[in-house]
Amino acid sequence: MEQNINKPHVLYVEDDEIAIMYVSRILSAKFKVTTAQNSVSAYECIKNDKFDVVLMDINLGRGESGVELAKRISSTEGYEKTPIIALTAFAMERDKEYFLGEGFAAYLSKPFRSPQLIELISSLLN
């Protein structure tokens, strides 16, 4: 069994199961990963655990968007300074500016390569 002690804890909010499997696999060596498929389960995770970084898909299907959920998480006690990274298929330059302006700490457009994601998370945690 793998030890998650002292690994940074990542919450990945994503409604696509294939994306969840891919990101969980690439991050599992360096990070403890918890996943949520919608805003309701993501917010339950936030209330019940402490995460060092949140990866947020923007289009979560029904319910809150990733932007709305990110704002709610950022206003939750203990999460005011937690970096939230937008992971999204929105890939235009103005999209990046929009998401950063909405309070995301960083932005990475899909598809991305695993080293890009690992490096981005690591840089925000240091």
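The values are calculated or read from the model by the stated rules, or taken from the named source; none is laboratory data. In this text the structure is predicted, and so the values were computed from the model without any measurement. Here Cβ is always computed from backbone atoms with ideal geometry, including for glycine, and neighbour counts include all displayed protein chains. All accessible areas refer to the heavy atoms of the entire protein, side chains included, with ligands and DNA or RNA removed. Shrake-Rupley method; radii C 1.70, N 1.55, O 1.52, S 1.80 Å.
The length gained on full extension between Ser41 and Tyr98, counted as 0.36 nm times the residue separation minus their Cα-Cα distance, comes to 18.0 nm. Rolling a 1.4 Å probe over the heavy atoms of the protein chains gives the chain an accessible area of 58 Å² per residue. Give me the net charge for the shell around Glu119: Cβ to Cβ below 15 angstrom, other residues only, Lys and Arg +1, Asp and Glu -1. Its environment carries a net charge of +2.
The modelled label-to-label distance between Leu124 and Asp52, using points 7 Å beyond Cα along the C-beta direction, is 1.3 nm. With both labels modelled 7 Å from their Cα along Cα-to-Cβ, the Glu80 to Asn6 distance reads 3.1 nm. Helix content alone sets the calculated 222 nm mean residue ellipticity of the chain: runs of n ≥ 4 DSSP H residues at -39500 (n - 2.57) each, divided across all residues, give -12000 deg cm²/dmol. Sequence-distant contacts, meaning Cα pairs under 8 Å at least 6 residues apart, place the relative contact order of the chain at 21 percent.
For trypsin sites (Lys or Arg not before Pro), the sites in the range 15-103 that DSSP calls loop and that have at most 15 other Cβ atoms within 10 Å are Lys30, Lys50, Arg62, Lys81.
In the chain, the portion of solvent-accessible area held by carbon and sulfur atoms comes to 51 percent [1.4 Å probe, whole percent, DNA, RNA and ligands not counted].
Here the Karplus curve 6.51 cos²θ - 1.76 cosθ + 1.60, taken at θ = phi - 60°, turns the phi angles of the range 121-126 into couplings of 4, 4, 5, 6, 7, 8 Hz, with x standing for Gly and Pro. The Ser65 and Met21 beta-carbon pair, evaluated with R₀ = 30 Å, returns a calculated FRET efficiency of approximately 0.85.
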